[in-house]
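Each remark here refers to the structure printed beneath this line.
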Amino acid sequence: MPASPRTRRSTSRRLLIGAVAIAAITLAGCARRAVLPEAGSPTAMLYKSRCGQCHAPYNPRSMTAAMWEIQVNAMQDRIRRAGLPPLDGADRKAILDYLTRNAGAE
């Protein structure tokens with residue numbers, strides 16, 4: 001007896017959710033293992049400690065300098081919502097300088 005349309009949709013939905021979950025886990029694992037530029041420098045460590053409180057820090061080459069500026073500004077609100085202290089001016093500048101120095105070209 002062939003599966004009903006409802007059963008096929010349910011199965012398709014479960015497969016899609018499973019595929020998305022596997023992709024997210026794989027990407028998260030890759031982000032954690034990646035070596036950051038200037039590894040061990042004070043600014044790389046600041047970036048890793050502050051941005052790594054909520055997620056694995058992204059490789060700076062994953063975005064352009066302009067994209068990082070937008071992203072760092074957008075993260076300020078998310079940091080507050082997470083109950084963490086927002087970046088002060090000096091930390092924000094140091095992290096943004098680090099990301100800009102090591103940003104991707106495109």
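Counting only residues that are of a type in the set (A, V, I, L, M, F, W, C) and open to solvent by 30 Å² or more (accessible area, probe 1.4 Å), which one in region 67-93 is farthest from ARG50 (Cα to Cα)?
MET67
Determine whether SER49 is part of a helix (DSSP H, G or I) and either surrounded by 11 or more Cβ atoms within 10 Å (Cβ to Cβ) or at pLDDT 90 or above (or both). Walk me through how you get there before you give the answer.
Numbers: part of a helix (DSSP H, G or I): yes; either surrounded by 11 or more Cβ atoms within 10 Å (Cβ to Cβ) or at pLDDT 90 or above (or both): yes.
So SER49 passes the test.
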Exercise for the section: Report the residue count in region 52-66 for those that are open to solvent by less than 40 Å² (accessible area, probe 1.4 Å), at pLDDT below 95 and more than 22 Å from GLY89 (Cβ to Cβ). Expected result: 1
Problem - Residue count, region 19-46 (criterion: loosely packed, with under 13 Cβ neighbours inside 10 Å and at pLDDT below 60) - result: 13
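The values are calculated or read from the model by the stated rules, or taken from the named source; none is laboratory data. Predicted, not measured: the structure shown is a model, and the values here were computed from it. Methodologically, a virtual Cβ is constructed for each residue, glycine included, from the backbone with ideal geometry; neighbour enumeration extends over all protein chains shown. Ligands, DNA and RNA are excluded from the accessible area calculation, which covers all protein heavy atoms including side chains. Shrake-Rupley method; radii C 1.70, N 1.55, O 1.52, S 1.80 Å.
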